[in-house]
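The values are calculated or read from the model by the stated rules, or taken from the named source; none is laboratory data. All figures in this text were calculated on a predicted structure; none of them were measured in a lab. All Cβ positions, even for glycine, are placed from backbone atoms using ideal geometry, and neighbour counts span all protein chains on display. These area figures cover heavy atoms from the full protein model, side chains too; ligands, DNA and RNA do not enter into them. Shrake-Rupley method; radii C 1.70, N 1.55, O 1.52, S 1.80 Å.
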Amino acid sequence: MLNIVIFGKPGAGKGTQAEFLKSKYNLTHISTGDLFRHHIVKKTSLGLKVTSILENGDLVPDKLTIEILENEVKKHKKTNGFIFDGFPRTINQAKKLDEFLKLLSMKISFTIALEAEDEILLQRLLKRGETSGRSDDTDKEKILNRFKEYTDKTFPLKEFYSKQNKFFSINGVGDIKVISKRLISIIENK
Ligand code: AMP
């Protein structure tokens, strides 16, 4: 099984590249952000709980996030593997993910971070906000808060996965197809 975590700050292109990897390697793509947005649209009790958190660009508490992730993984018993997009985002989530996968006799194969400078990401997000309908993409302060959450809470995962020899990073700036090729080269030459 191929279980890949895609890292990157908001706007780094995780969703786009995850969809590419999903079709190339026949994987199941799980985006916790998409799952939360689905609950918000459906106005479920979870959706109501997390609406303002997503709007402000804060992280949803680990407990709720781990629960939604585990439920989604359990729905896909027959798969070639998973591509985790936007999860884990904290050390606690990463530890819980390792424990959960172990119970299913699975493990993370490796993680790849898409790197890009904040200014480029900010411009990408503001542009995406013109059409995405996402309020967290239109307000500069909220975007900067999402960057800060990444730096404070998600960046330490680099060390966490490096210790397991499972951390790789690529340049996330350039043509989408070129970035996809950089990903393939990591996946196939490891
Ligand atoms: P994304 O679509 O990955 O940019 O996620 C959008 C928002 O969903 C984030 O700003 C968080 O509020 C929430 N979210 C998604 N994934 C996680 C996670 N792993 N941990 C905490 N919050 C998350």
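Details
- In the chain, the portion of solvent-accessible area held by carbon and sulfur atoms comes to 52 percent [1.4 Å probe, whole percent, DNA, RNA and ligands not counted].
- Part-to-part distance (alpha-carbon centres) for the range 135-190 and the range 52-88, which is given in Å: 17 Å
- The chain - mean residue ellipticity at 222 nm from DSSP helices (-39,500 (n - 2.57) per run, n ≥ 4, rounded to 500): -17000 deg cm²/dmol
- With the highest mean first, a sort of the peptides 91-98, 175-182, 7-14 on other beta-carbon atoms found within 10 angstrom per residue produces 7-14, 91-98, 175-182.
- Pairwise FRET efficiency - Glu99 versus Thr131, Cβ, R0 = 30 Å, nearest 0.05: 0.15
- The mean sequence separation of alpha-carbon pairs under 8 Å and at least six residues apart, normalised by the residue count of the chain, gives a relative contact order of 32 percent.
- Restricting the calculation to Cα atoms, the chain shows an Rg/Rh of 0.94 when the hydrodynamic-style radius is the Kirkwood one.
- Surface per residue (accessible, 1.4 Å probe) for the range 8-87, Å²: 50 Å²
- Comparing the range 1-51 with the 2.2 N^0.38 Å rule of thumb, its C-alpha radius of gyration ratio is 1.34 (two decimals).
- Whole-Hz ³J(HN,Hα) from phi, Karplus 6.51 cos²θ - 1.76 cosθ + 1.60, for the range 47-56, glycine and proline x: x, 5, 5, 9, 3, 6, 5, 5, 4, 7
- Estimated FRET transfer efficiency when R0 is 30 angstrom, pair Ile186-Asn71 (beta carbons, to 0.05): 0.55
- D by Stokes-Einstein for the range 73-133, Kirkwood Rh over Cα pairs, 10 °C, 1.306 mPa s: 110 µm²/s.
- Of Lys9/Lys158; Lys96/Lys190; Lys24/Lys78; Lys22/Lys163; Lys158/Lys190, those spanning more than 19 Å from alpha-carbon to alpha-carbon: Lys96/Lys190; Lys22/Lys163
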